[in-house]
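**Q** I'd like to ask some things about the structure below.
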Amino acid sequence: MSAKVSASPLTSAVRVAEPPARFRDLLAAEWIKMRSLRSTPWTLGLITLFVIGSATLAAMADYNNFPRYSPESQREHMFSLHDAFPSTGYWTLTLVAVSMGAIAVVSEYGSGLIRTTIVAVPARGAVVLAKAVVVAAVWAVVGAVSASGSFAVSQAILAGRDAAISITDPGAFRAMVASALVAPVCALIGLGLGFLIRHTAATTAAGIFTLLVLPAFFSTSRRWSAELNHSMVLTAWQRLSTEWLPPSRPGYYVATITESWIVYAVWPLVAIVVALVVIRRRDV
C-alpha cells in the first residue's frame, strides 16, 4: 500500500511535465493571432487593390496624355517605370504596413494576451522572433502581389501606346523587388515601435512621422544632410524604384544603390533588436 502511495507523486509529475514549445508552434500561434483579427484580411486585400489601382490610374493618365508628349518622351517613355510603382500607392502601403505591424503587438498589450503568452512561453526572445517572422512573411506576400500586379497592369495599359517596359529592362526588376520588400520592412519597423511604445495611437503617429515626416527635415544640398536623408526608408525605396534621376553634381547628392539596400536591411534589424531588448527588460 505504501509503495503505491509513494509512486503516485512521481507518476503525476511525469504526466504534468510537457516539452518546451517548438519555434514552429510559436509561428503557428502568431499566425492564428494575426488572422483572428477581423481587420487583417480586409486590410490586406484593400491595400493590395489600392496599390494596383493607383498604378492603373497612373498608366491610364499617361496613356491618354501620350499624344501630347514630346517626341523624346514618347521614344524613351521615362514615365513607364514610375507608373508601375506610383508614390501614392506605395506611400499608402508603407503607412498601412507600419500601422498593422504595430497593431500585431499593441493589440496583445491592450487585451492582456501578452501576459498569457509570456506565461506559456517564458522565452520572450523566441516570441518576438516568431511574431517578426509571421509579420514579415505576411507583408512580403502582400508586397509581392502588389508589386507584380501593379507592374503587369500598368505595362499592359501602356503597351497600347508601345510605351511598355519589360521586367528585363534596366532597373525594372530591381524596382519590383524593392517595391515588394518595402512592405515587410515597414511592418517590422511598426512591430519594433509597438514593443517600444505599447500605445496604438502613439505608435501609429510615430510610424507616420518616421516614414513620411522625418525625411523632409533633410535635404540633398549638404553632404551630412543628404546622408541622413538617404538613410530613410522611403528615400531608399525611391532610389531603388526609379531609373531616371538627375545627374550628380556639386551641391546635389544622390544615394547609391548599395546604400539603399543597406537601409532596407538595417531598419528592420534595428527594430527587431529594440523589440528583443524592450521585452526582456520591461514587465508585461
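**Q** Can LEU158 be described as within 22 Å of SER99 (Cα to Cα), modelled with pLDDT under 95 and either assigned to a helix (DSSP H, G or I) or touching an Asp or Glu at 6+ places or on another chain (Cβ under 7 Å) (or both)? Steps first, please.
**A** Working: within 22 Å of SER99 (Cα to Cα): no; modelled with pLDDT under 95: yes; either assigned to a helix (DSSP H, G or I) or touching an Asp or Glu at 6+ places or on another chain (Cβ under 7 Å) (or both): yes.
In short, no.
**Q** Still on this structure, I have one more. Can SER148 be described as modelled with pLDDT of 95 or more, polar (S, T, N, Q) and in contact with a helix residue (DSSP H, G or I) (Cβ under 6 Å, 6 or more places away or on another chain)?
**A** no
**Q** Within segment 228-242, is even one residue under 20 Å from THR88 (Cα atoms), within 18 Å of the chain's Cα centre (by Cα) and in a loop (DSSP other than H, G, I, E, B)?
**A** Scanning segment 228-242, I find at least one residue that is under 20 Å from THR88 (Cα atoms), within 18 Å of the chain's Cα centre (by Cα) and in a loop (DSSP other than H, G, I, E, B), so the answer is yes.
**Q** Right, next: Consider ALA201 carefully, then state whether it is without any contact (Cβ under 8 Å) to a residue 24 or more places away in the chain and within 30 Å of PRO67 (Cβ to Cβ). Let's see the steps before the verdict.
**A** Values: without any contact (Cβ under 8 Å) to a residue 24 or more places away in the chain: yes; within 30 Å of PRO67 (Cβ to Cβ): no.
Here the answer is no, as ALA201 does not meet what is asked.
**Q** Which condition number in (1) under 21 Å from THR48 (Cβ atoms); (2) in contact with a helix residue (DSSP H, G or I) (Cβ under 8 Å, 6 or more places away or on another chain); (3) not charged (D, E, K, R) is the one that ILE114 fails?
**A** Going through the list (1) under 21 Å from THR48 (Cβ atoms); (2) in contact with a helix residue (DSSP H, G or I) (Cβ under 8 Å, 6 or more places away or on another chain); (3) not charged (D, E, K, R), ILE114 breaks only (1).
**Q** Tell me, please, whether a residue that is modelled with pLDDT of 95 or more and of a type in the set (A, V, I, L, M) can be found in segment 71-89.
**A** no
**Q** Please state which one of VAL182, VAL177 is of a type in the set (A, V, I, L, M), out of contact with any His (no Cβ under 9 Å at 6 or more places or on another chain), buried (at least 18 other Cβ atoms within 10 Å of the Cβ) and in a helix (DSSP H, G or I).
**A** The match here is VAL182.
**Q** When you scan segment 204-227, how many residues do you find that are in contact with a Phe, Trp or Tyr (Cβ under 8 Å, 6 or more places away or on another chain), surrounded by fewer than 19 Cβ atoms within 10 Å (Cβ to Cβ), assigned to a helix (DSSP H, G or I) and in contact (Cβ under 8 Å) with a residue 12 or more places away in the chain?
**A** The qualifying residues number 3.
**Q** Another one. What helices (runs of 4 or more DSSP H) completely inside segment 59-154 contain at least 2 residues that are buried (at least 22 other Cβ atoms within 10 Å of the Cβ)?
**A** 79-84, 87-111
**Q** Under the condition of being under 16 Å from VAL153 (Cα atoms) and free of Cβ contacts under 8 Å to residues at least 60 places away in the same chain, which residue from segment 51-78 is nearest to the chain's Cα centre (by Cα)?
**A** Looking at the filtered set, the residue picked out is GLY53.
**Q** Quick check: is even one residue across segment 247-265 among the acidic types (Asp, Glu) and over 22 Å from the mean Cα position of the chain (by Cα)?
**A** The answer is no, given that none of the residues of segment 247-265 is among the acidic types (Asp, Glu) and over 22 Å from the mean Cα position of the chain (by Cα).
The values are calculated or read from the model by the stated rules, or taken from the named source; none is laboratory data. In this text the structure is predicted, and so the values were computed from the model without any measurement. A quick note on method: Cβ atoms are made from the backbone with ideal geometry, for glycine too, and the neighbour counts reach across all protein chains shown.
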